[in-house]
Amino acid sequence: MAVRPIRIMGDPVLHAPAASVDEVTDEIRTLVADMFETMDAAPGVGLAAPQIGIPLRIFTYAYTDDDGEPWRGVVLNPALWISPTEPGAPDEGEESEGCLSFPGERFPLRRAERALLTGTDLDGAPVRIEVDGWRARILQHEFDHLDGVLYLDRLSERDTKTVQKIARKRGWGRPGQSWMPGADDIDA
């Protein structure tokens with residue numbers, strides 16, 4: 001999957017690899033609590049620390065599956081393994097995703113069907129998550145943020161041009177532009 005960085009989007013921390021978390025401090029615990037609050041208010045299914053301007057390898061996730069079962073947690077310093085991505089164009093109805101870093105829009109993106117993620121939780125306990133389908137997509141999306149990659153960077157050339165038009169229309173990429181998840185409306 002080719003990565004074409006769209007550097008006009010957001011804070012520079014979104015476009016650089018995040019640093020490892022060396023120690024879980026009270027500040028890190030507060031950060032994670034704030035991340036859950038922001039993610040829930042948006043609402044979103046994941047939030048990486050770089051999305052809120054913090055260049056650390058942390059992300060939160062939350063999702064309710066088709067059976068109504070909740071899936072929620074935090075991972076620090078994750079490593080990710082994925083299955084080979086199926087060739088071909090993504091199915092717009094089944095493979096579209098959005099991002100709190102480019103709110104209000106969704107674009108089709110082919111991702112690996114299965115993912116294995118390891119890391120640690122806030123207590124230093126090992127985390128091992130092996131999932132498929134939508135949950136695998138969430139892990140890949142949030143992990144990309146930790147490496148300085150937005151899902152927009154992985155879109156087709158046609159969709160990249162659409163993203164650039166939307167960004168210009170909304171005035172995004174200019175200093176001082178921001179939005180508050182759960183509080184600000186995003187008008188197309």
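The values are calculated or read from the model by the stated rules, or taken from the named source; none is laboratory data. As the structure is a computational prediction, the values presented were derived from the model and not from experiment. Don't worry about glycine lacking a Cβ; one is built from the backbone with ideal geometry, like all the others, and counts go over all protein chains shown. The accessibility values were calculated without ligands, DNA or RNA, using every heavy atom of the protein model including side chains. Shrake-Rupley method; radii C 1.70, N 1.55, O 1.52, S 1.80 Å.
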| query | Tell me, what is the percent relative contact order of the range 1-130, built from C-alpha pairs under 8 Å that lie six or more residues apart? | reply | 20
| field | Helical contribution to [θ] at 222 nm, DSSP H n ≥ 4, -39,500 (n - 2.57), averaged over the chain, rounded to 500 | value | -7500 deg cm²/dmol
| query | Given C-alpha coordinates of the range 1-128, what is the ratio Rg to Rh with the Kirkwood estimate of Rh? | reply | 0.96
| request: Please work out the C-alpha center-to-center distance from the range 74-139 to the range 34-58 and express it in whole Å. | output: 15
| query | What length, rounded to one decimal in nm, is gained on full extension from I166 through to D34, with 0.36 nm per residue of separation minus their alpha-carbon distance? | reply | 44.6 nm
| note | Whole-percent carbon and sulfur contribution to the accessible surface of the chain (1.4 Å, no ligands, DNA or RNA) stands at 49
| said: Positive end of the dipole of the chain, charges at C-beta (+1 Lys, Arg; -1 Asp, Glu), about the Cα centre: which of V21, S156, L80 has its Cα farthest in that direction? | reply: S156
| message | With an 8 Å Cα cut-off and a minimum separation of 6 or more residues, compute the relative contact order for the range 100-162 in percent. | response | 29
| request: Using the heavy atoms of the protein chains and a 1.4 angstrom probe, tell me the accessible area per residue for the chain in square angstrom. | output: 54
| query | Using θ = phi - 60° and the Karplus form 6.51 cos²θ - 1.76 cosθ + 1.60, what ³J(HN,Hα) does each residue of the range 25-42 get, whole Hz, x for Gly and Pro? | reply | 9, 4, 5, 5, 4, 5, 4, 5, 4, 5, 5, 4, 4, 5, 4, 5, 5, 4
